[in-house]
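S.K.: Take a look at this one; I'll ask things after.
None of the figures in this text is laboratory data; all of them are computed from the coordinates on show. As the structure is a prediction and not an experimental result, all values here were calculated from the model. Counting neighbours? That spans all protein chains shown, and the Cβs are built from the backbone with ideal geometry, glycine included.
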Amino acid sequence: MPRIPTVPSRLPQVGTTIFTVMSALAQKHGAINLGQGFPDFSCDPRLIDAVERAMRDGHNQYPPMAGVPALRQAVADKIAALYGQRYDAESEITITAGATQAIFTALLAVVHPGDEVIVLTPCYDSYLPNIALCGGVARPVPLRADFRPDFAAIAAAITPRTRALLINSPHNPSGTVWSEQDMRTLDALLAPTDIVLIADEVYEHMVFDAAQHQSASRFPGLAARAFVVSSFGKTFHVTGWKVGSVAAPAALTAEFRKVHQFNVFTVNTPMQLGLAAYLADPAPYLGLPAFYQAKRDRFRAGLAQSRFELLPCSGSYFQCARYAAISDLPDDAFCRWLTQQAGVAAIPLSAFEPDGRQRGVVRFCFAKQDATLDAALQRLRAL
Ligand code: PMP
Ligand code: GLN
């Protein structure tokens, strides 16, 4: 018999991500999938045309390592127009295989074994395993009960070994959005330190009620220490394309690219060229807050007639809700029950917690056609 090596796991606590698990369960039971965050509608056909044109025009070989120049320039111009920070496309913008790779690469670039990284919990599920794979030590700092940052707790978690801080606004899973004052407080807190900021801003174009996205790039003190991460998948309804971007000062970008070149090396060319052409028109992303706000309002209005208790949602495409009036199951068991018995998949909030903390809250994704939302609401109101 050939011998299969026994390997000690690099991630002994980790199983398959909750998003994959819940999507598979939804499919198995024919449930409406409001779990994993992705749209069930298609992107703008003009974007497909632009990608197809790039392929037919023969742009099918490796692009430059840091990304197609036209796309890097388009990203730099967009950041300058929206947030007032001028990044150099050549030395400060890198195109990545989605935000997930961007965040992992940024961590690999700066975190040495034993370095501490502060994460605010609940947090996106890749952060903690990413830190572990770097040999770093995660320092989870709980967000307040209303999911806003607790700056006293963040300050208390800073030590001489703190290498980086990860933030995420608009926030997955809570839909909380950091205010300008939050960012100024963070700026003042980090100013005397060498802490690198990794700002996960994948939902930058989903901020509601006429509020502004407070990108780290808006604040010179933060921009000087930040990897600012975004994702075209979220912005243009193409999560499966896995293309994202990172903006960071040249010195940080140089370190980032040292890792990036030996990780993915490059990201697929025709998608990049298509996105570059499509970005010439700002209307699609400038219209996104209104588009998703209408979906949020529709979903909230429907859920308000159910026994779920709505939590606030100021951004992202996620709506959280308490289910105490419906069930006393732990949240993961409740989500399985909901998928199998009620025919609607959701994500348990404990999946975003390092210690599996129970809040009796689940997350629904409202990036769905109105008909999908209405069908799900009908089932949820029946509970
Ligand atoms: N960060 C957060 C907060 C997310 O919700 C997601 C979406 N899955 C990502 C990062 C990853 O984005 P991408 O699909 O571009 O890798
Ligand atoms: N970001 C999406 C979510 O939070 C899905 C990401 C994934 O499936 N890894 O649901």
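S.K.: For the range 313-383, rounded, prolate or oblate, judged on the Cα gyration tensor with a ≥ b ≥ c (square roots of eigenvalues), a/c < 1.5 rounded, else prolate if a/b > b/c?
M.R.: Cα axes put the range 313-383 in the oblate bin.
S.K.: Looking at the chain, send over the antiparallel percent of its DSSP beta bridges, to the nearest 5.
M.R.: Taking every DSSP beta bridge with both residues in the chain, the antiparallel ones total about 45 percent.
S.K.: If you find the alpha carbon centre of the range 44-73 and of the range 221-237, how far apart are they in angstrom?
M.R.: 20
S.K.: Given H placed on each backbone N at 1.01 Å, which residues far from Ala226 in sequence or on other chains put an amide H within less than 5 Å of it?
M.R.: Leu197
S.K.: Could you order the peptides 160-171, 366-377 from most to least packed, using the average number of other C-beta atoms within 10 Å per residue?
M.R.: Answer by packing, highest mean first, reads 160-171, 366-377.
S.K.: Further question on the same structure: Please give the net charge around Ser42, taking every other residue with its beta carbon less than 13 angstrom from that of Ser42, where Lys and Arg add +1 and Asp and Glu add -1.
M.R.: -1
S.K.: Considering only Leu329, Leu349, Leu222, give the residue with the highest GNM mean-square fluctuation for the chain, with springs between Cα atoms whenever their separation is below 10 Å.
M.R.: For the chain, modelled as a Gaussian network with Cα springs under 10 Å, the answer is Leu329.
S.K.: While we're on this one: Let me make sure I get this right: for the range 1-154, a, b and c are the square roots of the gyration tensor eigenvalues over alpha carbons, sorted descending. Under 1.5 in a/c it's rounded, otherwise prolate if a/b > b/c, else oblate. Which is it?
M.R.: In terms of gyration-tensor shape, rounded.
S.K.: Separate question: With the Cα gyration tensor of the chain giving a ≥ b ≥ c as the square roots of its eigenvalues, does the rule (a/c under 1.5 for rounded; else a/b larger than b/c for prolate; else oblate) give rounded, prolate or oblate?
M.R.: Rounded, because the longest to shortest axis ratio a/c is under 1.5.
S.K.: Check the straight Cα-Cα distances from Lys368 and name the lysines below 20 Å, setting aside those fewer than 8 residues away within the same chain.
M.R.: Hits, sequence-local ones excluded: Lys28, Lys234, Lys242, Lys295.
S.K.: While we're looking at this one, here's another question. Measuring from centroid to centroid over Cα atoms, what is the spacing of the range 96-130 and the range 328-383 in Å?
M.R.: 27
S.K.: A follow-up question, please. With all pairs of different alpha carbon atoms counted, what Kirkwood hydrodynamic radius in Å does the range 179-277 show?
M.R.: It is 15.0 Å.
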